């Protein structure tokens, strides 16, 4: 992202906290916010990525935390507010993908998928919402997946965990609306991240763009794979006052891959 032109004052009131900020979409979201002058708490369970991000951007502070730990997320939110000020935006981006057919799926892969993709969203959202409510202001954006709305072979755990995170965020939006707090979802399709590339047999996104009829998977009508910046742009829009009357919305950023089924 080269800058939304919204200006830091217009974009986020207060600081932003981004989970999964060490790489991929989370890194792009945190970097885009910093480019707009927003103070960012960049959170990841791996230290290297967020520390590099903090070294590259003024106003970014790295925090090492695992979203699966409720106590650690409460502590990180408290630390971030003490250091950066009140959090006006939470971007839930941390996620994992463990593929495999249901019949042979491992219990620990199932547990880890839900612990990060669903429970992690709950931990971060609860910790931030508790502080937003008395201020009667704030925005929460959860980066889910288009797999939350369309069945995917070999991705049952991932799709189910993202579907749960999606509906959780919408329910949270209903609860927080009386306080002027908006909660929305961004649902990317295939995006050029380390997670996505781990699924490829080479470096060519062509098969992903073309789709796979044998796996009942459509291609991408726009003819390109998304960049992390495409998703970051959607997050920043939903965080901005330009989306002030949008809440409990699920914005697909997938080039038409799901045919919005």
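The values are calculated or read from the model by the stated rules, or taken from the named source; none is laboratory data. Given the structure is predicted, the values throughout are model-derived calculations rather than measurements. For neighbour counting, all protein chains shown are included, and Cβ atoms are generated from backbone atoms with ideal geometry for every residue, glycine included.
Some notes on this structure:
- Output for the stretch 244-261, where each listed residue is surrounded by fewer than 18 Cβ atoms within 10 Å (Cβ to Cβ) and in contact with a helix residue (DSSP H, G or I) (Cβ under 8 Å, 6 or more places away or on another chain): 246, 248, 249, 250
- Among the residues examined, residue 18 does not qualify as touching a helix residue (DSSP H, G or I) at 6+ places or on another chain (Cβ under 8 Å), outside any helix (DSSP H, G or I) and farther than 24 Å from residue 192 by Cβ.
Yes/no matrix, rows are residues, columns are (1) modelled with pLDDT under 90; (2) over 27 Å from residue 22 (Cβ atoms):
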site: 119; (1), (2): no, no
site: 124; (1), (2): no, no
site: 127; (1), (2): no, no
site: 172; (1), (2): no, no
site: 192; (1), (2): yes, no
site: 198; (1), (2): yes, no
site: 222; (1), (2): no, yes
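- Filter pass, residue 60 being farther than 22 Å from residue 238 by Cα, in contact with a helix residue (DSSP H, G or I) (Cβ under 7 Å, 6 or more places away or on another chain) and buried (at least 16 other Cβ atoms within 10 Å of the Cβ): no
Conditions tested, residue by residue: (1) in contact with a helix residue (DSSP H, G or I) (Cβ under 8 Å, 6 or more places away or on another chain); (2) surrounded by fewer than 18 Cβ atoms within 10 Å (Cβ to Cβ); (3) free of Cβ contacts under 8 Å to residues at least 24 places away in the same chain.
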| site | (1), (2), (3) |
| --- | --- |
| 38 | yes, no, no |
| 67 | yes, no, no |
| 72 | no, no, yes |
| 75 | no, yes, yes |
